[in-house]
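Encoded as structure tokens, the structure appears first; notes follow it.
The values are calculated or read from the model by the stated rules, or taken from the named source; none is laboratory data. None of these values were measured; they are calculated from a predicted model. For neighbour counting, all protein chains shown are included, and Cβ atoms are generated from backbone atoms with ideal geometry for every residue, glycine included.
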Amino acid sequence: MGDGLDAEVVTRWATAFGTYLAAGPVVVGRDSRPSGSMVLPAVAASLMSTGHDVWDIGVATTPTTAMAVSESEAVGGVIITASHNPQPWNALKFLDAGGLFLTAEANQHLQEKLDSGEGHVTAAELGSWQSRQDADRNHLDAILKLPWLDRQQIAARNLHVVVDAVEGAGGRIVPALLSALGVRCTPLYCGMSGHFPHDPEPTPAHLTQLCHTVREQGADLGCAVDPDSDRLALVDGTGQPLSEELTLVLAVDFLLGHQAGPVVVNLSTTSLVEKVAAGHGVPVERTPVGEANVVQTMRAKGAVIGGEGNGGVIYPALHAGRDALVGIAMILQSLTEKDSTLAQLVSALPPAAMVKEKVASDTVPLGDNLAAIMRGWESGTIDTRDGVRWSSADGWVHVRPSNTEPVVRIIAEARSDAAARSLIERVKSAS
């Protein structure tokens, strides 16, 4: 914040978005970052200056904001969040009338509006501002009405969950969900101050305190969400952190037991999804990395569940976006129905190890050059829709330039850590 994103930049983009949208109200929500209290009024003023009424839902999670759009007559939404990035960062996420992130084509139209500089209306046409306090309640009510969720059954398990909300927007609504399900909650960093006590990305390396608290409290599991609560990571009852990849795997396995249908994930997500889906007799479709890509394919294929291996569960029957809360509901219902611990659910999965690395952009071949090299490897399949992905029966490796950093991301998965690392080294030594 302040280095690339300031009030002037915010105003220009929000004005362009207001010009891009059809007439009608716009929902605006933000995560708990301190800079959000400056950004939100700038966004609201810009939208009102383009003739839109603003429905301000205050501090709210990304899925809560998306649902506030999709379940209303709003023509769009703005989420003020930098997601899992450090606290000084902030950003604007734009939603269409369906509560979906803009497609590449829509973003191009938005860029054209930004470049044109048009959009402000006369004083008589200015929009109004209205505070709306029902977004959390509506989100929770929708989850509690899901057909596979049995509140009494979950409550009877007397589960105890520790929640690390990293002082983000989930600090209020995640404990509220657990309370509604009759689950005892020990809150950890749920104050919503926006001052993150540790790296906010919910990966095992950042969950030390959550693991300790689960063990100390004798809890059944721990749940970690990122600052805008669209990603979920888990800790089992022994205090062992699970790979964020397993969140989606467990959710898919649970949901397919209730509702058969296609599954969609991105190219970098664990192949355990295919293995679990095969057990239920349903296909899996893969897409380029990016939530918008996953959602677009889910809608085209009529998928019943999908997501990304970063802990992002997408359940389109609720709304078409990543939602840590629906992920929590699925995990708790699964534990209850199977009368299992989280560790037992994980132990039933096939062995898999994933390794993720970042390297400088000029240290490995890319694109067609890398694909040509990989075609010389033993039998495997090449996918070049997003970087290059090589896969075989024994494992896969995905190499793609980062969209946010001057680096190349290399992700490999195999039956053992050593085998996955071998695939990484094979890419790094390719020439």
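Of note:
- Considering residues of the stretch 298-343 that are aliphatic (A, V, I, L, M) and under 12 Å from the mean Cα position of the chain (by Cα) only, the residue surrounded by the fewest Cβ atoms within 10 Å (Cβ to Cβ): ALA320
- Given (1) outside any loop (DSSP other than H, G, I, E, B); (2) within 23 Å of PRO147 (Cα to Cα), number of the condition ALA320 does not satisfy: (1)
- Tally of residues being of a type outside the set (A, V, I, L, M) and crowded, with 20+ Cβ neighbours inside 10 Å across the stretch 57-82: 9
- Leading residue by the ranking (surrounded by the most Cβ atoms within 10 Å (Cβ to Cβ)) among those in the stretch 403-431 that are more than 22 Å from the chain's Cα centre (by Cα) and closer than 12 Å to SER361 by Cα: LYS428
- Residues satisfying the stated conditions in the stretch 383-409, i.e. out of contact with any helix residue (DSSP H, G or I) (no Cβ under 7 Å at 6 or more places or on another chain), in a loop (DSSP other than H, G, I, E, B), modelled with pLDDT of 95 or more and at negative phi: ARG385, ASP386
- Hits in the stretch 410-431 - residues which are in contact with a Gly (Cβ under 7 Å, 6 or more places away or on another chain) and part of a helix (DSSP H, G or I): ALA419, ALA420, LEU423
- Restricting attention to the stretch 138-180 and to residues that are of a type in the set (S, T, N, Q) and part of a helix (DSSP H, G or I), the residue that is surrounded by the fewest Cβ atoms within 10 Å (Cβ to Cβ) turns out to be GLN152.
- Residue count for the stretch 97-117 under the criterion of being buried (at least 19 other Cβ atoms within 10 Å of the Cβ) and outside any helix (DSSP H, G or I): the result is 3.
- Test result for ARG12, in a loop (DSSP other than H, G, I, E, B) and among the charged types (D, E, K, R): no
- Filtering the stretch 21-47 to residues that are surrounded by fewer than 20 Cβ atoms within 10 Å (Cβ to Cβ) and in contact with a Gly (Cβ under 6 Å, 6 or more places away or on another chain) leaves only PRO34.
- Filtered residue count, the stretch 323-350, keeping only those that are in a helix (DSSP H, G or I) and of a type in the set (D, E, K, R): 2
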